[in-house]
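Working notes, beginning with the structure itself.
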Amino acid sequence: MTRIRRGYIARRRRTKIRLFASSFRGAHSRLTRTITQQKIRALISAHRDRDSKKRNFRRLWIIRINAIIRERVVEREVSYSYSRLIHDLYKRQLLLNRKILAQIAISNRNCLYMISNEIIKEVDCKESSGII
């Protein structure tokens, strides 16, 4: 009986997986079964860490904004915080997200001070006139 030559489809699939794992160490880049297991783990970790990266950046932006706002509060001796700033921004329907506010806080603090002062003035005027 003659020998049957196998096709190339399985080999092509394995080489594609090996290219994915070429930077892994040891058997994780050489043995097909462990390569597939490590590929699954790597993709799961990447998916999980994309979400945690978003959370971490949001947390960083909030910390930066809060630090700048509270720093200004020490000079004015009025209690004003990040949460009150965001609340007042929503009241005035200003569409500034946390990323943009954090960039403004780092690059140009005076601009953020001007924004917060305008918001404080308007909120104080509405409260004193009894609109709220």
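Listed here are the residues, each with its yes/no results for (1) modelled with pLDDT of 90 or more; (2) surrounded by 10 or more Cβ atoms within 10 Å (Cβ to Cβ); (3) out of contact with any helix residue (DSSP H, G or I) (no Cβ under 6 Å at 6 or more places or on another chain); (4) assigned to a loop (DSSP other than H, G, I, E, B).
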position: I35; (1), (2), (3), (4): yes, yes, no, no
position: H47; (1), (2), (3), (4): yes, no, yes, no
position: D51; (1), (2), (3), (4): yes, no, yes, no
position: R72; (1), (2), (3), (4): no, yes, no, no
position: R84; (1), (2), (3), (4): no, yes, yes, no
position: L94; (1), (2), (3), (4): no, yes, yes, yes
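Looking at the structure I just gave you, is A102 surrounded by 13 or more Cβ atoms within 10 Å (Cβ to Cβ), farther than 30 Å from C125 by Cα, modelled with pLDDT of 90 or more and not acidic (D, E)?
No, not satisfied.
What is the number of the single condition among (1) among the polar types (S, T, N, Q); (2) in contact with a helix residue (DSSP H, G or I) (Cβ under 7 Å, 6 or more places away or on another chain); (3) open to solvent by 100 Å² or more (accessible area, probe 1.4 Å) that T2 does not meet?
So the condition that T2 fails would be (2).
Out of the residues in the stretch 5-33 that are assigned to a helix (DSSP H, G or I) and small (G, A, S), which is nearest to K99 (Cα to Cα)?
Selected residue: S29.
Hey, can you tell me all the residues within the stretch 25-75 that are β-branched (V, I, T), without any contact (Cβ under 8 Å) to a residue 24 or more places away in the chain and within 26 Å of R109 (Cβ to Cβ)?
I63, V73, V74
The values are calculated or read from the model by the stated rules, or taken from the named source; none is laboratory data. Please read all numbers here as calculations on a predicted model, not as lab measurements. Methodologically, a virtual Cβ is constructed for each residue, glycine included, from the backbone with ideal geometry; neighbour enumeration extends over all protein chains shown. The protein model used for the area step is the full one, side chains on, heavy atoms only, and it has no ligands, DNA or RNA in it. Shrake-Rupley method; radii C 1.70, N 1.55, O 1.52, S 1.80 Å.
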